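What follows is calculated from the coordinates using simple rules that are stated; it is not laboratory data. Please read these numbers as outputs of a predicted model, since none were measured by experiment. Note that each Cβ is placed from the backbone with ideal geometry, even for glycine, and that neighbours are counted across all protein chains shown.
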Amino acid sequence: MPALNEEAQIEETLRSLTSQTQKRNEYEIVVVDGGSTDGTCNIAKRYTDKVIVQTHPGIGGARKDGAEAASGRILAFTDADTTFPPNWLDTISENLKVYEASTGPVIFQNGNIKTAILSTWRTLYRPLNLLNFYYIIGSNMAVRTKTYWRAGGHSDVSLLDDYDLSVKLFRKGTWSCYDSRQEVYTSSRRAHKLLTYGITVAYGHYNYMIAKDYDKLLNYPKVENMMIKDVLTGSKWGKNALTMMTSVQTTLQETMKR
């Protein structure tokens, strides 16, 4: 579990993880701290087996650090603002007796129109399950340890780190499943700025699939700063469109001054 200044959320998450139907001595909890300046680490130490300092860059790098520190035959990844039904780990264990990787619903804790739109967007990947491609969201991801490392593990990126691992697993022919029982409940904060979040995801997919500029998946404008121009400046046609838009805007401003 990556964490950075999550003192407001992480205790509820860890209480949920320590209240599983699976016996506590049958699993370990590893928190990877990205340099918190609040009480995140002190809270985490009360519930976890290990709190380690992040060494690989990006959210994906933090997940990789956790995988390296873990000792189990199964790796389950989640976020510090997520809670779980008591049988979450038992469901994962059951799934991974048959499959190599599994995921399930990511349900927003405080539903509204924005979270409904985001949830609907995520379901657009579901038809690809027929081709054995599963977009495994980072807050609800489980994979056999050997399979994880065979696929190469997480990349050192922050944007689309979960999508990247999903692609790697697919390319390795990993046998995966989506189980509606393997659900988690995550914070709605990602949906607060839905438009900029959507622009950020579009920016990530462009740089991942077309430009193949993976550095921009690590160093990218944050959601609150992301603008349409950040997507447009990532491509030649986009730059031309942005130049044309700027020219039109300048012409209109000059006309209004006359």
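Within region 1-71, the percentage of alpha carbon pairs spaced more than 14 angstrom apart rounds to 55%. Each Lys or Arg adds one and each Asp or Glu subtracts one; over the other residues with Cβ under 11 Å from the Cβ of Asp156, this totals -2. Between Thr37 and Asn110, the simple label model (points 7 Å from Cα in the Cβ direction) yields a spacing of 2.5 nm. Diagonalising the gyration tensor over the Cα atoms of region 2-189 and scaling each eigenvalue by 5 before taking the square root yields semi-axes of 23, 19, 17 Å, largest first.
Within region 97-207, the ratio Rg/Rh, alpha carbon atoms throughout and Rh by Kirkwood, equals 0.96.
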